[in-house]
1. So, in Å, what gap is there between the alpha-carbon centers of the stretch 79-139 and the stretch 292-361?
2. Suppose all protein chains stay in the model; what accessible area per residue would a 1.4 Å probe give for the stretch 338-432, in Å²?
3. Taking Rh as the Kirkwood radius, which is the inverse of the mean 1/r over Cα pairs, what is the Rg/Rh value for the stretch 338-432?
4. Give the accessible area for residue 320 in Å² (nearest 10); use a 1.4 Å probe, count only protein heavy atoms, and leave out ligands, DNA and RNA.
5. Within the accessible area of the chain, what % is carbon and sulfur when the probe is 1.4 Å and the other protein chains stay in place?
6. Rounded to the nearest whole Å², what accessible area per residue is found for the stretch 1-125 with the 1.4 Å probe?
7. Build a GNM of the chain with springs between Cα atoms under 10 Å: which of 410, 196, 367 gets the top mean-square fluctuation?
8. Using Cα atoms only, what is the angle between the long axis of helix 319-334 and the major principal axis of the chain, expressed in degrees (0 to 90) to the nearest 10?
Amino acid sequence: MSVTDTLGLGFMTFAFFLGAGNLIFPPFAGMLAGENMSFAMFGFLITAVGMPLIGLIAVAKANGKVMALLPAFAATALAIAIYIIIGPAFAAPRTALVAFEIGARPFISNPDALMMLGGKEFSIAQLIYTLVFFSIVMFLSLFPGKLLDSVGKILTPVLILLLVGLASSVIILPGAEVNLPVGEYINSPLTKGIIEGYNTMDTLASLMFGMLIIDLLRKKGVNDAADQTKYLVRAAFIAAGGLAFVYVSLFYLGASAGDFAIGADNGGQILTNYVTHHFGNIGTLMLSTVVTLACLTTAVGLVTACSEFFNELMPRLSYKLLVVLLSVICATVANVGLSQLISISIPVLMTIYPVAIALVLVTFLTERFARPAFSHRVVLSVALFFGIFDGLQTAGMDMSFLDFMPLHVEGMAWLLPTALTAIVCLFIPKNLDQKADA
């Protein structure tokens, strides 16, 4: 591949990861972290940039088969969990909510007007918007064509230019004084930033995107495994550099937002207020248009990918039926509301993220394990076991009986046991009870 092809692959990988939803987390985290922004930002970059980068490299190292050493049932269950999380449960509905917050709310006179439906209150504007949004998503997913590809080719450069302009304005234009940190950012900004990075879901996505990029390389005639690894790693570093640039600038935007952040309960509102103040209605219109289109194309990609996956898993369910079903589910879930959806997703991510990180870890250690299949299964089991406790604690259940464990209070009780298990597996001899691998 030429340098131009490699750069194109890198920017495409960057576009895969930078769903418009990723724009809402750094400003809000920066606002809450305040003077501890540097520590929080570093933690955020670990899980929102570093782990996706390492995840892509792990996929390249395993030649796309990161789950090959797991039992078939466990590999299928993990794949299903990841597709549900980045699909109808959280990521896909979030695209509509981000599009509403940034692309529609600023232009609606009374966006918080409520109506009763089925004994529950719903935002009228949000309900109508999400129904229209996922109707369009369903149509484009049912009849995919060159239109979506053309929009993507035009949209990605425009989005990058917009983000570069936004980052430049954050540096050039004077901001407010950075406030004092609040909440968990006071005492544990680093670990809080790490956990906040879970919300991007990019480590989970990297396991799927890596396999997709390998397929794209094969279609381009790159069939040698070493070459595939080389180009995928280069693309991963280009994407990681772009993501880090965006996140650092948005973190600083949130930390210095001042009055723009008053009353905001998510980063989308901070970003919109900032752009409206400095660039007026034209800036708001440009931001809303690009973000809406980015959300739309991201949602179509997620619904299409999930429909194809579940169609292969359950051939009796047709692709078109799955598109309709998933679109309806996404529209329903979206009306939980952005802040509520994020809060619901956190316990799930706290449970599944340790497993994904552990999978990346053991992939790099595979050649050093005397018994790789056994080691993969044990390390991932330990990560899942303690991840469940972290998830339950985040959901509000009393897990104080585990307070003696390092990092349990911060929500990372899984880290030390998983690391120690991986180290122990490095010293397990090959001839020890071979039945365990059966």
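1. 14
2. Working: 4380 Å² over 95 residues.
Result: 46 Å² per residue.
3. Details: Rg = 14.9 Å, Rh = 14.0 Å.
Rg divided by Rh gives 1.06.
4. Residue 320 has an accessible surface of roughly 110 Å² with all protein chains in place.
5. Numbers: 13590 of 19690 Å².
Of the solvent-accessible surface of the chain, carbon and sulfur hold 69 percent.
6. Numbers: 4800 Å² over 125 residues.
Here the residues of the stretch 1-125 average 38 Å² of exposed surface.
7. Maximum among the listed residues: 367.
8. 60
The values are calculated or read from the model by the stated rules, or taken from the named source; none is laboratory data. Here the structure is a predicted model, which is why all the values come from computation and not from measurement. Methodologically, a virtual Cβ is constructed for each residue, glycine included, from the backbone with ideal geometry; neighbour enumeration extends over all protein chains shown. Heavy atoms of the whole protein, side chains included, go into the accessibility calculation; ligands, DNA and RNA do not. Shrake-Rupley method; radii C 1.70, N 1.55, O 1.52, S 1.80 Å.
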